[in-house]
Structure formats: C-alpha cells, structure tokens
C-alpha cells in the first residue's frame, strides 16, 4: 500500500488522467437491450444498482456468483444430456432395419418333375421362413426404436425447459451486468470526478489514496462484470446448442415415426405380394410342367399304340401255320421219308447180304459136318 501511495505522489497526474479515461470508456453501457425488460424489471435493475457498494470486497466477490453457479450447474446438466444421447445407436438400428428389409431370398437346385414340385414347396417354405426370421428381427428393432422415440420425445420436452431456463439465466446475468454498469457509470460520472477534483485541490496524500483505491475498486468491479459477461456469452452459445440437439432429436423422431408408420407396412405389403407372386409362379410352372408331361405321355402312348396296333395287324393277317413252317415241315417229312427209304434199302441190302452170308455159313457148316461124318465112317471101317 505504501508503494501505491508513493507512486501516486510521483504520478498524481497519470492517476487523474486515468480517471478521465475511465469516464470515457464506460459511457457505452451493455449491448443488452434494456428495453427488452419489463417496467418492473427495469425498476429492479435501478434499485439494485443503487445498492451496489464496490468498496465492499466481499460484495464484489460474490456479485452475480449465485447466477454463475446456477449457469455452471446448468452447463453440466446440458452436457450430460447431450453426451448421453447417442443418436448413432438409433441410426445403426435403422440401418440394421434396412438390411433386414432387403435381406431375404430363396433359391433351389432340384431338377426334374419331382424336383420341380419339391423345389416349389421348398422355395415357398424358404420365403416364409426367411420372412418370419426377418419379421422377428424387424419387430425387435421396431420395439427398440419405439422406446428410443419415447425417450427422444421426453428429451425434446426437457430441452425446451432447458432452453427457457437458459433464457432466464441469460436475462438474470444480463440484469446483473446492466445494474453493475449503471453503478459504474454513476461512480465514474459523479464520485470519481469529485474525488479527483478533491485530490487535485487538496494535494493531500489521503485524498490521493482514496482516489487510487476507487480506481482499483472500479477496475476490480469491471473485471467482475467482464467475468459475468463471459458467463452471459456462454449462455448465448448454449441456446443454439440446445436447439441443435433438439432439432436432431426431432429429425430422428420423425425418421423413426416414418419408418414405423410407412416403411414397415410397405415392407409387409411387399412381402405379401412376394408370397403371392411366388405362389402364382409356382402354379404357372406346375401347369407348364404338367402340360409338358401330358404331351409327352400322349406322344409315348401314341407310339406304343401304333406299335401294338401294327403288331396286332401283322399277327391277325398271319395264318395259323406259316407257309415257311409248312415248307420246313414238308421238307423235313420228305427228308424223313428219304431217310426211311434209305434205311429200308440199306436194311434189305443188309438182310440179303446176311442171308447170303447165312447160306455160306450153312453150306460151310454142312460141308464140315459131311466131312466129319465121312471121316468117322472111314475110321470105323
């Protein structure tokens, strides 16, 4: 403090010039439009301004601290609301929903008529199974989206309240700043020039110190008002942030609502049409296949009938005994007769030969017997 006094003694002229400069700087009041306040609020600012004592260090220190504390707590709560609302999750749900709506198809590999009917049945069953699976997933996602929609609607209402609360804080801190600047303007217009003249006229160190103290008090209070002005700027910036988050929530609610009331019903209608088209296609393919098989059977039956008819006609025109058979039989009989005749001839020939041979044997036997008889007779004589 002694240094300040000594400094003032050596630089009294500079301190007096500083007073005049402060008077000029504070002529412009706050940019806050005082006319936006009601009559009662303007009177409140005037009355409050008269009660401000910048010489009271405790009062200056706590000036506007209450509203600043409320604004700080409010900023924390706003941050929590914004930070905890992950709209990306809702976006992912909608993306997953789109995937589910696009993600089912059926294909088969069976061939042939049996394969065709199996294929038609399998395809329909596969479409229904895929549809049921997709529908379950879609319903699960829709339920989650509906919950998020309710939460977002509550958040929108909460953000409206927060916006109004922030607007009240903005007005309150602006009224503190306005009252403080009115007080500073009054001090710089009246107290400071009077104290400056008194210090010039008296030349007393006490008066110079009082002038220096007042300048310091003005400086500290201006810093306090500047601090409040920063708080007000935060409030100004918070307002569009709240609206941005609120608008995002509104857009997401609208998208969820459009998805639930438009996209899902359209998808279900499309599924009904897909199943109907599948059934119609199966019926058409079945009819085509049956027609093809019927034509093939008619052709085959006609060929079989033709072959049977021709064979029957051939058999009907054929005699009981074929001429070839008669020829063959006749030839065989003739050959048999020839063989019989031949055998008979050979038999006769052999019989004649045997008869001749028998005669020879008989003659030989007779001759031999005669010979033996003659010999016996000779011997007996």
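Scanning segment 37-58 for residues that are closer than 17 Å to residue 173 by Cβ and part of a helix (DSSP H, G or I) turns up 41, 42, 44, 45, 48, 49. The condition of being surrounded by fewer than 10 Cβ atoms within 10 Å (Cβ to Cβ), more than 30 Å from residue 134 (Cβ to Cβ) and not assigned by TED's automatic domain parsing to the domain that holds residue 132 holds for only one of 296, 311, 317, that being 317. Scanning segment 283-300 for residues that are in contact with a helix residue (DSSP H, G or I) (Cβ under 8 Å, 6 or more places away or on another chain) and modelled with pLDDT of 80 or more yields 289, 293.
The rows are residues; the columns are (1) buried (at least 21 other Cβ atoms within 10 Å of the Cβ); (2) in the same structural domain as residue 35 (by TED's automatic domain parsing); (3) at pLDDT below 85; (4) under 41 Å from the mean Cα position of the chain (by Cα).
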{"site": "154", "(1), (2), (3), (4)": "no, yes, no, yes"}
{"site": "160", "(1), (2), (3), (4)": "no, yes, no, yes"}
{"site": "166", "(1), (2), (3), (4)": "yes, yes, no, yes"}
{"site": "207", "(1), (2), (3), (4)": "no, yes, no, no"}
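Taking segment 42-60 on its own, how many of its residues are surrounded by 15 or more Cβ atoms within 10 Å (Cβ to Cβ), under 25 Å from residue 167 (Cβ atoms) and touching a residue at least 60 places away in the same chain (Cβ under 8 Å)? Of the residues in segment 42-60, 4 are surrounded by 15 or more Cβ atoms within 10 Å (Cβ to Cβ), under 25 Å from residue 167 (Cβ atoms) and touching a residue at least 60 places away in the same chain (Cβ under 8 Å). For segment 174-205, the set of residues classified as surrounded by fewer than 18 Cβ atoms within 10 Å (Cβ to Cβ) and either under 22 Å from residue 43 (Cα atoms) or not assigned by TED's automatic domain parsing to the domain that holds residue 61 (or both) consists of 185, 186, 189, 190, listed by residue number. Is it the case, given these coordinates, that residue 270 is in a helix (DSSP H, G or I), surrounded by 10 or more Cβ atoms within 10 Å (Cβ to Cβ), free of Cβ contacts under 8 Å to residues at least 40 places away in the same chain and touching a helix residue (DSSP H, G or I) at 6+ places or on another chain (Cβ under 9 Å)? Against the criterion (in a helix (DSSP H, G or I), surrounded by 10 or more Cβ atoms within 10 Å (Cβ to Cβ), free of Cβ contacts under 8 Å to residues at least 40 places away in the same chain and touching a helix residue (DSSP H, G or I) at 6+ places or on another chain (Cβ under 9 Å)), residue 270 qualifies.
Would a scan of segment 74-83 turn up a residue that is surrounded by 15 or more Cβ atoms within 10 Å (Cβ to Cβ), at pLDDT 70 or above and not in a helix (DSSP H, G or I)? Within segment 74-83, not a single residue is surrounded by 15 or more Cβ atoms within 10 Å (Cβ to Cβ), at pLDDT 70 or above and not in a helix (DSSP H, G or I).
Pick out the one residue from 208, 239, 185 that is part of a helix (DSSP H, G or I) and either closer than 25 Å to residue 162 by Cα or without any contact (Cβ under 8 Å) to a residue 24 or more places away in the chain (or both). Answer to the check: 239.
The values are calculated or read from the model by the stated rules, or taken from the named source; none is laboratory data. Nothing here was measured: the structure is a model prediction, and the numbers come from that model. Neighbour counts are summed over all protein chains in view; Cβ atoms, including those assigned to glycine, are modelled from backbone coordinates with ideal geometry.
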